[in-house]
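Engineer: The structure follows.
The values are calculated or read from the model by the stated rules, or taken from the named source; none is laboratory data. The structure displayed is predicted, hence computed values, not measured ones. FYI the Cβ positions are ideal-geometry reconstructions off the backbone, even for glycines, and counts take in every protein chain you see.
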Amino acid sequence: MRAKKSYGQHFLKHDSIAERIASSMQLANQTGRVLEVGPGMGMLTKFLLNNKGYQTWAAEADPDMVAHLEKQYPDWHGHLYVGDFLQFDASAFMGPEPYVLIGNFPYNISTQILFKMLDEREQVPEMVGMFQKEVADRVVAPPGSKTYGITSVLLQASYHTEYLFTVERGSFNPPPKVLSAVIRLTRKEKFVLDCDEKRFRTIVKTAFNQRRKMLRNTLKPFFNPEFLMENPYFEKRPETLSWEEYVQLTNAASNNSTV
């Protein structure tokens, strides 16, 4: 079968890489459930199904890939969701119990997958996935780096992030134009974001939408003018702040807001 650009498909060719991705999960046996996104031809799937320490579920949007998987794994009945993962309701399809999210994620929706996971983090204690290296770098980037941004802050507030390994272009068919990388995210235990989450996300996104400007200029809508001018904190630029400092900013906005 040929990879389809519309689905962001690049098929992994090497068993050794697929096996390494599967073995990078640390909580799969603990949750007893794994959800693979975009299994495609089943390169990663076969290593997941061979492990009897957990049940494997999957979400696949391409009907041709679904037909191939159903033929290859006839006993996998009832565990394969047919449709767009971004519309997938894990609780309705799999039940409310926790699961580990894994996949060679379609590059055209990889960031959206991360934010969907973040919205459903109560059910997802761990994620292991392959992304474009550029996306992976953003997820794990520390404050002060050029790649540190919205994705970094929002994910690092709830998850520990780890860069595991790089995957070369030639490991895929067809080869992508970019390098790929595998990362692991582990949810922080008993973590509660100590601020209003909706406002937190809005402030982070607003700050980074004009990342070259000082916070005093970008965050005007959230603070009264006196507070902005008196506090030297707002002379900083968005990429210099940790996620903890954005929590502090969010709480400060609640106490010194213009609205």
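Engineer: Give me a count of the residues in segment 225-259 that are surrounded by fewer than 19 Cβ atoms within 10 Å (Cβ to Cβ) and not in a helix (DSSP H, G or I).
Structural biologist: Residues that pass the stated criteria total 8.
Engineer: Considering each of Val247, Val204, Val178 in turn, give the residue that is of a type outside the set (Ser, Thr, Tyr) and either in the same structural domain as Gln123 (by TED's automatic domain parsing) or in contact with a Ser or Thr (Cβ under 8 Å, 6 or more places away or on another chain) (or both). So that I can check it myself, show each step before the final result.
Structural biologist: Working: Val247 fails: either in the same structural domain as Gln123 (by TED's automatic domain parsing) or in contact with a Ser or Thr (Cβ under 8 Å, 6 or more places away or on another chain) (or both); Val204 fails: either in the same structural domain as Gln123 (by TED's automatic domain parsing) or in contact with a Ser or Thr (Cβ under 8 Å, 6 or more places away or on another chain) (or both).
Val178 is the lone residue from the list that is of a type outside the set (Ser, Thr, Tyr) and either in the same structural domain as Gln123 (by TED's automatic domain parsing) or in contact with a Ser or Thr (Cβ under 8 Å, 6 or more places away or on another chain) (or both).
Engineer: I would also like to ask the following. Which of the residues that make up segment 47-91 are touching a helix residue (DSSP H, G or I) at 6+ places or on another chain (Cβ under 9 Å) and of a type in the set (A, V, I, L, M)?
Structural biologist: If the condition is that a residue be touching a helix residue (DSSP H, G or I) at 6+ places or on another chain (Cβ under 9 Å) and of a type in the set (A, V, I, L, M), then Leu48, Ala58, Ala59, Ala61, Met65, Leu69, Leu80, Val82, Leu86 are the ones that fit.
Engineer: So, in segment 134-178, of the ones that are surrounded by fewer than 16 Cβ atoms within 10 Å (Cβ to Cβ) and hydroxyl-bearing (Ser, Thr, Tyr), which residue ends up farthest from Ile113 (Cα to Cα)?
Structural biologist: Ser145
Engineer: I've got another one for you. Could you say whether any residue in segment 187-208 is surrounded by 14 or more Cβ atoms within 10 Å (Cβ to Cβ), of a type outside the set (Phe, Trp, Tyr), on the phi < 0 side of the Ramachandran plot and in a strand (DSSP E or B)?
Structural biologist: Among the residues of segment 187-208, at least one is surrounded by 14 or more Cβ atoms within 10 Å (Cβ to Cβ), of a type outside the set (Phe, Trp, Tyr), on the phi < 0 side of the Ramachandran plot and in a strand (DSSP E or B), which makes the answer yes.
Engineer: I'd like the full set of residues that are at pLDDT 95 or above, more than 15 Å from Leu44 (Cβ to Cβ) and of a type in the set (A, V, I, L, M), limited to segment 165-182.
Structural biologist: Once the filter is applied, which keeps residues that are at pLDDT 95 or above, more than 15 Å from Leu44 (Cβ to Cβ) and of a type in the set (A, V, I, L, M), segment 165-182 yields Leu179, Ala181.
Engineer: Turning to a different aspect of this structure: Quick one: which of Tyr107, Tyr73 is in contact with a Gly (Cβ under 6 Å, 6 or more places away or on another chain), buried (at least 16 other Cβ atoms within 10 Å of the Cβ) and aromatic (Phe, Trp, Tyr)?
Structural biologist: Tyr107
Engineer: Identify the single condition in (1) at pLDDT 95 or above; (2) surrounded by 13 or more Cβ atoms within 10 Å (Cβ to Cβ); (3) in a loop (DSSP other than H, G, I, E, B) that Met117 does not satisfy, given that it satisfies every other one.
Structural biologist: Failed condition: (3).
Engineer: Can you find even one residue in segment 212-220 that is at pLDDT below 95, closer than 25 Å to Phe105 by Cα and part of a loop (DSSP other than H, G, I, E, B)?
Structural biologist: Taking every residue of segment 212-220 in turn, none turns out to be at pLDDT below 95, closer than 25 Å to Phe105 by Cα and part of a loop (DSSP other than H, G, I, E, B).
Engineer: Now for a different question. The conditions are (1) surrounded by 14 or more Cβ atoms within 10 Å (Cβ to Cβ); (2) of a type outside the set (A, V, I, L, M); (3) not in a strand (DSSP E or B), and Phe131 fails exactly one of them. Which is it?
Structural biologist: Condition not satisfied by Phe131: (3).
Engineer: Within segment 9-27, work out how many residues are surrounded by fewer than 18 Cβ atoms within 10 Å (Cβ to Cβ) and part of a loop (DSSP other than H, G, I, E, B). Don't jump to the end; show me each part of the working.
Structural biologist: Initial filter on segment 9-27 (surrounded by fewer than 18 Cβ atoms within 10 Å (Cβ to Cβ)): 11, 13-16, 19-20, 23, 26.
Now drop any that are not part of a loop (DSSP other than H, G, I, E, B), which leaves 13-14, 26.
Number satisfying all stated conditions: 3.
Engineer: Evaluate segment 28-37: report whether one residue or more is out of contact with any Lys or Arg (no Cβ under 6 Å at 6 or more places or on another chain), in a strand (DSSP E or B), of a type in the set (D, E, K, R) and at pLDDT 95 or above.
Structural biologist: Yes, there is a match, as at least one residue in segment 28-37 is out of contact with any Lys or Arg (no Cβ under 6 Å at 6 or more places or on another chain), in a strand (DSSP E or B), of a type in the set (D, E, K, R) and at pLDDT 95 or above.
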